[in-house]
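Everything on this sheet refers to the single structure shown next.
The values are calculated or read from the model by the stated rules, or taken from the named source; none is laboratory data. Computed from a prediction, not measured in an experiment: that's the story for all the values here. Because the Cβ atoms are built from the backbone with ideal geometry, glycine has one as well, and the counts that use them run over all protein chains shown.
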C-alpha cells in the first residue's frame, strides 16, 4: 500500500530509514523507534476520512501503549476540519489543517540581502548553530520545555545531518558575520523535493532571507532529481505561507491531524 497525498509521501521521504510503517488494512502505523517523543513520527495515519474518536484513540493506545502523546492523521488531500472533529477537541486535541504547497513553475528568484552569505551547512559550528536556532524558536515561540526540547532537537538535527551525508538532503543557511540567521533543509526523491524546518532568527526577520534561500535549495534539488515536485508544508493561518506563495508555490492539498500533547514534552 502507499499514501495518496503528496504531503504524506513527502513526510516519509524526510523520515527515510528512521521510520517504519506497518499497515493495518486502511490504517498506517508510523513509527520512529529511535525518537519515541517525536509525536508526528509516531502516529496513526488513516487512508479514509472517517473520524471515530473512541475507536481511533483506542487503536493508537494499542499500537503505542507507553506513549504520552496521541497523534492521528488523515491521508485525504481534500479533508478539512469540521464538526466531525469536535469530539476530539473536547478531549484536548489540537486539530490542525496545514497547507501542502507545490511549485509547478519556475521559482521566483530573490536577491540575497546585503551583509549576508548563503551557503550549505558543513562544519560542526554550522550544525551546532542550527541546533541552537531550532531550540530557541521551539522554546520561546512554541512553548516547549527547554530541557526536553534540547535533546529532541539534537536528535532531529543529527538525523538531518546523516541524510545530508548520504546525499538525500541538503541544508542551507544565511549567515551574518558568521552567525546563522536563517536556515532551511530540502529532502529529495524521484517524486518530491520536500522543504523542511524553514526558520529565521527573530532579529533577522522581514529581510527576505527565506525568500533568498528557497531558490538556492530548489536548484540543488533539481540538480539531483529534475522531475521532483517541490513541496512545502505551511500552517494555514501563519505568515510564512505568504512568502512561499510569492516564490511561486500554490495550494495543492490540505493535511489534517489531531494531536494531544503530554503535559510536558517535545513537539514535531
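Name every residue in segment 158-168 that is in contact (Cβ under 8 Å) with a residue 60 or more places away in the chain and closer than 16 Å to residue 219 by Cα, in order of residue number.
168
What are the residues in segment 57-86 that are part of a helix (DSSP H, G or I), touching a residue at least 12 places away in the same chain (Cβ under 8 Å) and in contact with a strand residue (DSSP E or B) (Cβ under 8 Å, 6 or more places away or on another chain), if any?
Scanning segment 57-86 gives 57, 59, 60, 63, 85.
Return yes or no: is residue 54 more than 19 Å from residue 28 (Cβ to Cβ) and either outside any loop (DSSP other than H, G, I, E, B) or in contact with a strand residue (DSSP E or B) (Cβ under 7 Å, 6 or more places away or on another chain) (or both)?
In short, yes.
Given the criterion in contact with a helix residue (DSSP H, G or I) (Cβ under 6 Å, 6 or more places away or on another chain), within 23 Å of residue 183 (Cβ to Cβ) and touching a residue at least 60 places away in the same chain (Cβ under 8 Å), identify the matching residue among 11, 109.
109
If you check residue 144 against the conditions, is it out of contact with any helix residue (DSSP H, G or I) (no Cβ under 6 Å at 6 or more places or on another chain), touching a residue at least 40 places away in the same chain (Cβ under 8 Å), within 17 Å of residue 261 (Cα to Cα) and surrounded by 14 or more Cβ atoms within 10 Å (Cβ to Cβ)?
Considered against the rule, which asks whether it is out of contact with any helix residue (DSSP H, G or I) (no Cβ under 6 Å at 6 or more places or on another chain), touching a residue at least 40 places away in the same chain (Cβ under 8 Å), within 17 Å of residue 261 (Cα to Cα) and surrounded by 14 or more Cβ atoms within 10 Å (Cβ to Cβ), residue 144 comes out as no.
Give the residues of segment 147-177 that are loosely packed, with under 14 Cβ neighbours inside 10 Å and in contact with a helix residue (DSSP H, G or I) (Cβ under 8 Å, 6 or more places away or on another chain), sorted by residue number.
167, the sole residue that qualifies.
Could you tell me whether segment 216-225 includes any residue that is in contact (Cβ under 8 Å) with a residue 24 or more places away in the chain and closer than 27 Å to residue 76 by Cβ?
There is at least one residue in segment 216-225 that is in contact (Cβ under 8 Å) with a residue 24 or more places away in the chain and closer than 27 Å to residue 76 by Cβ.
Identify all residues within segment 208-236 that are assigned to a loop (DSSP other than H, G, I, E, B), touching a strand residue (DSSP E or B) at 6+ places or on another chain (Cβ under 8 Å) and over 18 Å from residue 251 (Cα atoms); write none if there are none.
Matches in segment 208-236: 225 only.
Here are some residues: 167, 173. Which one is outside the structural domain of residue 11 (by TED's automatic domain parsing), more than 14 Å from the chain's Cα centre (by Cα) and on the phi > 0 side of the Ramachandran plot?
167
Which condition from (1) in contact with a strand residue (DSSP E or B) (Cβ under 9 Å, 6 or more places away or on another chain); (2) touching a residue at least 60 places away in the same chain (Cβ under 8 Å) is the one that residue 45 breaks?
(2)
Looking at segment 90-141 only, could you name the residues that are assigned to a strand (DSSP E or B), surrounded by 14 or more Cβ atoms within 10 Å (Cβ to Cβ) and under 18 Å from the mean Cα position of the chain (by Cα)?
95, 96, 97, 98, 99, 100, 101, 102
Matching residues to (1) buried (at least 17 other Cβ atoms within 10 Å of the Cβ); (2) within 22 Å of residue 40 (Cβ to Cβ):
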residue: 199; (1), (2): yes, yes
residue: 203; (1), (2): no, no
residue: 209; (1), (2): yes, no
residue: 214; (1), (2): yes, no
residue: 223; (1), (2): no, no
residue: 233; (1), (2): yes, yes
residue: 244; (1), (2): yes, yes
residue: 254; (1), (2): yes, yes
residue: 258; (1), (2): yes, yes
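Looking at 73, 56, can you tell me which residue is surrounded by 13 or more Cβ atoms within 10 Å (Cβ to Cβ), over 29 Å from residue 229 (Cβ atoms) and modelled with pLDDT of 95 or more?
Matching residue, one of 73, 56: 56.
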